[in-house]
1. Starting from residues that are under 20 Å from the mean Cα position of the chain (by Cα) and part of a loop (DSSP other than H, G, I, E, B), keep the ones in the range 310-355 and report whichever is surrounded by the most Cβ atoms within 10 Å (Cβ to Cβ).
2. Answer yes or no: is there a residue in the range 87-104 that is among the acidic types (Asp, Glu) and more than 19 Å from the chain's Cα centre (by Cα).
3. Among the residues of the range 61-77, is any farther than 28 Å from Gln333 by Cβ, of a type outside the set (Phe, Trp, Tyr) and more than 11 Å from the ligand (Cβ to nearest atom)?
4. How many residues does the range 265-288 contain that are open to solvent by 70 Å² or more (accessible area, probe 1.4 Å) and touching a helix residue (DSSP H, G or I) at 6+ places or on another chain (Cβ under 7 Å)?
5. Which residue is nearest to Ser365 (Cα to Cα), if the candidates are limited to the range 86-127 and must be within 10 Å of the ligand (Cβ to nearest atom) and surrounded by fewer than 20 Cβ atoms within 10 Å (Cβ to Cβ)?
6. Criterion first (open to solvent by 10 Å² or more (accessible area, probe 1.4 Å) and closer than 22 Å to His62 by Cβ) does Gly150 satisfy it?
7. Looking for something assigned to a helix (DSSP H, G or I) and under 26 Å from Ser157 (Cβ atoms) - is there at least one such residue anywhere in the range 40-59?
8. Quick one: is Val235 within 16 Å of the ligand (Cβ to nearest atom), in contact with a helix residue (DSSP H, G or I) (Cβ under 7 Å, 6 or more places away or on another chain), closer than 30 Å to Leu46 by Cα and open to solvent by less than 40 Å² (accessible area, probe 1.4 Å)?
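The values are calculated or read from the model by the stated rules, or taken from the named source; none is laboratory data. This structure is a prediction, so every number in the text was calculated from the model and none was measured. When we count neighbours, we look across all protein chains shown, and the Cβ atoms used for this are built from the backbone with ideal geometry, even at glycine. With ligands, DNA and RNA removed, areas are computed over all heavy atoms of the protein, side chains included. Shrake-Rupley method; radii C 1.70, N 1.55, O 1.52, S 1.80 Å.
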Amino acid sequence: EKGGHDYFMLKEIAEQPKAVADTLLGRIDAAGSLTLDEVRIPAPVLREVDKVVVVACGTAFHAGMIAKYAVEHWTRIPCEVEPASEFRYRDPILGPRSLVIAISQSGETMDTLMAVRHAREQGSHVLAICNTNGSTIPRESDAVLYTHAGPEVAVASTKAFLTQLVACYLVALYLGQVRGTQWGDEIGAVVRDLSGISGAVERVLKTMEPVRALARSLAAKNTVLFLGRHVGHPVALEGALKLKELAYMHAEGFAAGELKHGPIALIEDDMPVVVVVPSPRGRSVLHDKIVSNIQEIRARGARTIVIAEEGDEAVVPYADHLIRIPATPTLLQPLVATVPLQVFACELATARGNEVDQPRNLAKSVTVE
Ligand code: F6R
């Protein structure tokens, strides 16, 4: 049942190229347009949307943070994202022109369900992004876009996360398509890139042996920090969450630019710091800034573990360990950058003798508030 793998988590990590491809299947037509007819929110309603609000928990929340970049860039509609558990308690400003996107692998997370109910009471349209057919959250939403990750058994979410990202990109691009934004040409190009992304995930998986060896060598460490900028920030948060839940280590993710405002004081000699580096071809300012962040932490003794695109030579002098990922457009990079972090956490958990599929204190779906 684990398909020759020691753990469901390893099996599910390995299934990611297929999960991503299956989630795209039938949603892009031959002409490169998106066909999300199954999202039964009528085009005129989508054209009127003046605000997008994403609610989700844990890993799904990190997917939502990435969705915000995609929605705002491709549609220019303001997008908020909030942990579902906080949402209704601040009396959020919602109306009939708000589109609320609820992301949930299980479709049963109580915090997210309560946020959905609250949004519908305010007259907003709710679109669920969900991996479980017929579960409660899609049933209570106006519309649903299913992710096709297949059943996820390991408590720590991996393949569901990647498919949540794909679904978020599809929704953002679809909104852009329906509304005919100024990014029309870019949307076509991104749809093409998205079609090839499953192959890129496959390539990352083939190069994970050094990441495993590195993880094993860090089994006695107490703390690992994760840094990223732009969409690399939620990726850093996700890397830290995986490490906490699986390896039971102190792990924190930061927006790299925030480091100098306090957290840099945490850096001690030989402390592992994972840095997710944006593409040098995209927003090159961001790339250059993060290279100086890497220099700063290394000067203070950090052991730098750098995740950077193939061909990015600028990071080489400052990387104690270099993990290469295929070149992708900036917004899509989380689909490849997250994979090494999943493998890293899984291997560290194993090296520390932890139960990978069933971490202590956690349940697969959290059905209490
Ligand atoms: C982390 C993890 C959790 C879930 C969260 C939401 O690896 O699995 O953080 O992402 O509990 O669960 P769903 O997506 O089922 O609503």
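1. That would be Gln333.
2. Yes: the range 87-104 contains one or more residues that are among the acidic types (Asp, Glu) and more than 19 Å from the chain's Cα centre (by Cα).
3. no
4. 1
5. Glu108
6. Yes; evaluated as a whole, the condition is true for this residue.
7. Yes.
8. So Val235 passes the test.
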